[in-house]
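A.B. asks: To start, I am sharing the structure in question, which I have written as structure tokens.
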Amino acid sequence: MGCGRTAPVPPPIYPEHILDGAAFYEPDAPDCGFGKALEQLTPTGGTLLLPAGRYLLREPLIVPRRVALAGSRSERKILQD
């Protein structure tokens with residue numbers, strides 16, 4: 001049998017309020033500045049759009065309920081161990 005897909009997968013639907021992570025990026029901050037963006041999204045929910053690249057986080061990002069992380073390219077991984 002195998003694992004096959006019979007139809008293309010539609011693109012994801014993200015919560016409407018979208019923040020551009022590039023506007024919050026701070027290379028010297030332990031969370032690269034993305035924590036401030038997540039704090040702004042906490043009361044309303046929404047999506048934090050992360051710019052392409054690799055980020056060395058020195059403290060964890062706490063992603064609130066009703067908040068999604070999205071990469072600039074949908075085929076790329078967002079989180080890596």
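The values are calculated or read from the model by the stated rules, or taken from the named source; none is laboratory data. All values reported here derive from a predicted model rather than from experimental measurement. Don't worry about glycine lacking a Cβ; one is built from the backbone with ideal geometry, like all the others, and counts go over all protein chains shown.
A.B. asks: I need the full set of residues from region 17-48 which are crowded, with 18+ Cβ neighbours inside 10 Å and of a type in the set (Val, Ile, Thr), in order please.
C.D. replies: Thr47 - this is the single residue of region 17-48 that is crowded, with 18+ Cβ neighbours inside 10 Å and of a type in the set (Val, Ile, Thr).
A.B. asks: Cβ-Cβ under 9 Å, sequence separation 6+ or interchain: first residue in region 47-59 and of a type in the set (Ser, Thr, Tyr) and part of a loop (DSSP other than H, G, I, E, B), partner modelled with pLDDT of 90 or more and surrounded by fewer than 15 Cβ atoms within 10 Å (Cβ to Cβ). Which pairs?
C.D. replies: Pairs found: Tyr55/Pro27.
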